[in-house]
Amino acid sequence: MSDRRLTYRQAVAEAIAEEMRRDERVFLMGEDIGVHGGAFGATRGLYNEFGPERVRDTPISESVIAGAGVGAALTGMRPIVEIMFLDFTAMAMDSICNQAAKVKYMFGGHAAVPLTIRSAFGAGRGNAAQHSQCLDVWFNAIPGVLLVMPSTPYDAKGLLKTAIRSDNVVMVLENKLLYNEEGPVPEEEYTVPLGQAAIRRSGRDVTVVATGRMCLFAADAAEKLAAEGIDVELIDPRSIKPLDMKTIAESVRKTNRAVVVGEGHRTGGLTSELAARIMDDCFHYLDAPIKRVAAEDVPIPYNRGLELETIPGAKDIIAAIRAVMA
Amino acid sequence: MSQRMNDARLLADYRLMWRIRLHEEAVKQLFLKGNIGGSTHLCIGQEAVAAGVIGQLRPSDYISSTHRGHGHMLAKGGELKPMLAEVLGKSTGYCKGKGGSMHIASLEIGNLGANGIVGGGIPIAVGAALSAKLRATDQITVVAFGDGASSGGNAHESMNLAALWELPALFLFENNHYAVSTACHNSIAGGCLTVRAAGYGIPSAAVDGNDLEEVHFAAKEAIEHVRAGNGPYLLECTTYRLEGHFVGDPMLYRSKEEVKAWRRRDPLLHAERLLVERGILTEQECRAIQAEAQAEVDAAVDFAESSPEPSPEALFEDLYTGQVSA
């Protein structure tokens, strides 16, 4: 094993490049992904290596970008489409929700849709209400779409490679504030399977399930609380659908306490779903009510102070953990 | 029209048009008997468009169809038995009873699906056309859409992208005069689609969609243009939906006189007149062809009615490809 380190953005680009070299059916479509290298630089270098036929800059037409992905996937290609900001999937929702997610089932299984949809999400950059949302729950709520939220460069590469090789529609949500994060990414070939959570930290006292960038805050919170003698077990589901409920439930049955953390809004958010699933599977093991840490139910404000108040941070996670430990 | 269709071709299309017409009449009767759920949309009066355009395609070509898509499917080579079984929601249907009237599809014969979303199939067709281009085949994709879809974003995004990328897509604009209850003169600024196509640099032609011969030759030219790699083409076929938007539509939005006038322009009558005038068939032989089609449809209705319902286990089948435990 090498001890190479890459940024999250480099890991994404490397995953795509490797899969494009491996399989000529893989190609890329999206806004400003070519010479420009993507709004967040995650496709940098691909245009130079693969050219305009396989790295296709599109007009600002999200509905046809995603819909053409469906058509190409149904007819023998393996497209990766990029929707620049997750907020913009609103413009592509018919193609994703009514077409991509449904065709295989509606056609009685006589179809495969090997389509990967990448999109950047998340608040904390001053992008305001229409460029900052965490809309994970929209896609989790649609049968027919699989959903992953890598939180490390290692997983960004490994999960994306798995998504590209999958014969299903996989949404890959990348947090914008993770693109600069660095982490170990071995030179050797690897993939990360769907539906396999990572235990980021083992502990006895409380299970924290955190998704996307919230894993980083939860890890901070866990370190701070360790000094006070609270031993946190931190689980990163990595893949939201399929969800590794087994790992989560085993942890909660051990710790008897659970905090769930997500960047989406509190009402009807991913944390609501995770809490409900834990209740279903672990109710009799719980020593305290499950606590949810989520974004406030307001649009993401522009002002930096207000924005940071809106989304969860380490201090909110610490408060929630203290509450379930009380 | 100065050009004259080959006798055999004219006869074949006439047979196909009867098969479509009588399929639709059977669906209407089944619906009125209460055997069909939801709503179903008949293409009675529009058969010359399906036969004249889609009937000319190769088996390897693709079509992307609409909610009023039974005729398109039959013209692409669809069989009556699995079609009617699908309309009745039976396990022997094209989609095992999971799609129904609005989602009949068969990738095997190149139908990327009827579509319940008006305009939803247009981007999919762009993707199929892109796929054919990337795979360097000479397959073309015909995308049928109506006056209702013609002013939606998908139509415009798709025409723009298909033109930019010079994709082998034939935009088949089937103007049947009404989007549910809204007359096309109340929904299409500029009056026709050819002027819009011109805005995207897409060549086009407009024909009387109830005149099989006119449709045939215009489609032949359009198909040749697209197959030769000249990029997209738009064919506008003006026709008329002789039935309501759905079976049971009270049709308050149009007069009986208007419908009566269009009944005199029934495309089947027109094709029959050509056959008789040219001495290809006698009237009696026309009735025999009608009776043959009726017998085929009756047999298909029997097949559909006596087919088994899907098993309860089918509910969870066909959602994903491979093992996915969601």
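Structural remarks
- Neighbour counts of C-beta atoms inside 10 Å place A:Arg44, B:Arg264 in the sequence B:Arg264, A:Arg44, starting with the fewest.
- Spin-label pair A:Asp231-A:Glu296: with each label point 7 Å from Cα along the Cα-Cβ axis, the two points sit 3.7 nm from one another.
- Within chain B, the longest run free of exposed loop sites, counting chymotrypsin sites (Phe, Trp or Tyr not before Pro) that sit outside DSSP helix and strand states (H, G, I, E, B) and have at most 16 other Cβ atoms within 10 Å, spans B:1-245.
- Per-residue ellipticity at 222 nm from helix content only, as computed over chain B with -39500 (n - 2.57) for each DSSP H run of at least four residues, stands at -13500 deg cm²/dmol.
- Taking every DSSP beta bridge that has both ends in the protein assembly as shown, the antiparallel portion is near 15%.
- For chain A, excluding the exposed loop sites themselves (chymotrypsin sites (Phe, Trp or Tyr not before Pro), DSSP loop, at most 14 other Cβ atoms within 10 Å), the longest remaining stretch covers A:1-189.
- Overall, the anisotropy analysis places region B:89-217 in the oblate class: the square-rooted eigenvalues a ≥ b ≥ c of its C-alpha gyration tensor yield a/c not less than 1.5, with a/b not exceeding b/c.
- Total lysine pairs under 18 Å (Cα atoms) in region A:198-325, excluding pairs fewer than 8 apart on one chain: 4
- Pairwise label distance in nanometres, B:Glu258 with B:Asn6, each label 7 Å out on the Cα-Cβ vector: 4.0
- For region A:1-67, the list of GluC sites (Glu not before Pro) that fall in a loop by DSSP and count at most 13 other C-beta atoms within 10 angstrom reads A:Glu24.
- Annotation: for a label point projected 7 angstrom from Cα along Cα→Cβ of A:Glu182, residues of region A:213-241 with backbone N closer than 20 Å are A:216-217, A:220.
- Whole-angstrom gap from region A:297-326 to region B:1-71, using each part's C-alpha centre: 59
- Kirkwood radius for region A:148-296, taken over all pairs of different Cα atoms as the inverse mean of 1/r, rounds to 15.7 Å.
- As a calculated quantity, the FRET efficiency between A:Ala141 and B:Phe316 at R0 = 22 Å, using C-beta atoms, amounts to about 0.80.
- Summing Lys and Arg as +1 and Asp and Glu as -1 over all other residues whose Cβ lies under 12 Å from the Cβ of B:Arg58 gives a net charge of 0.
- Of all DSSP bridge pairs formed entirely within region B:115-246, close to 10 percent run antiparallel.
- Helix-only mean residue ellipticity at 222 nm for chain A, each DSSP H run of n ≥ 4 adding -39500 (n - 2.57), per residue, nearest 500: -10500 deg cm²/dmol
- Overall form of region B:199-326 per C-alpha gyration tensor (a/c, 1.5; a/b vs b/c): oblate
- For chain B: rounded, prolate or oblate by the Cα gyration tensor [a/c cutoff 1.5]: rounded
- Over region B:26-306, Cα pairs under 8 Å with separation of 6+ residues give a relative contact order of 23 percent.
- Most fluctuating residue given options A:Leu86, A:Leu225, A:Leu270, as computed from a GNM of chain A linking Cα atoms under 10 Å: A:Leu225
- Convex hull volume per residue for region A:88-216, taking Cα atoms only, in Å³: 129
- Percentage relative contact order, region B:1-131, counting C-alpha pairs under 8 Å, at least six apart: 22
- Per-residue Cβ neighbour rank within 10 angstrom, fewest leading, B:His156, B:His216: B:His156, B:His216
- In percent, rounded to a whole number, the relative contact order of region A:1-144 is 21, using alpha-carbon pairs under 8 Å and six or more apart.
- Ranked A:Ile300, A:Ile199, B:Ile109, criterion: other C-beta atoms within 10 Å, fewest first: A:Ile199, B:Ile109, A:Ile300
- DSSP beta bridge pairing in chain B, given as percent antiparallel to the nearest 5: 10
- Using the average count of surrounding beta-carbon atoms within 10 Å as a protection proxy, the listed peptides B:72-79, A:167-174 rank, highest first, as A:167-174, B:72-79.
- Listed residues B:Ala179, B:Ala291, B:Ala222, most fluctuating in chain B (Gaussian network, C-alpha, under 10 Å): B:Ala291
- Centre-to-centre, using Cα atoms only, region B:104-151 and region B:170-217 are separated by 17 Å.
- At R0 = 45 Å, FRET efficiency that the Cβ-Cβ distance of B:Ala189 and A:Thr267 yields, to 0.05: 0.65
- Given charges at beta-carbon only (K, R positive; D, E negative), |dipole| of chain A in Debye: 360
- Exceeding the 20 Å Cα-Cα cut-off - candidates A:Lys102/B:Lys96; B:Lys76/B:Lys260; B:Lys28/B:Lys81; A:Lys102/A:Lys157; A:Lys102/A:Lys161; A:Lys102/B:Lys33: B:Lys76/B:Lys260; A:Lys102/A:Lys157; A:Lys102/A:Lys161; A:Lys102/B:Lys33
- When the Gaussian network model of chain B links Cα atoms closer than 10 Å, the mean-square fluctuations of B:Ile124, B:Ile63, B:Ile280 top out at B:Ile280.
- Here the label points at B:Leu269 and B:Gln294, each 7 Å from Cα along the C-beta direction, are separated by 1.9 nm in the simple model.
FYI, it's all coordinate maths here, none of it is from the lab. Remember, predicted model here, so these are calculated numbers, not experimental data. All Cβ positions, glycine included, derive from the backbone under ideal geometry; neighbour counts span all protein chains shown.
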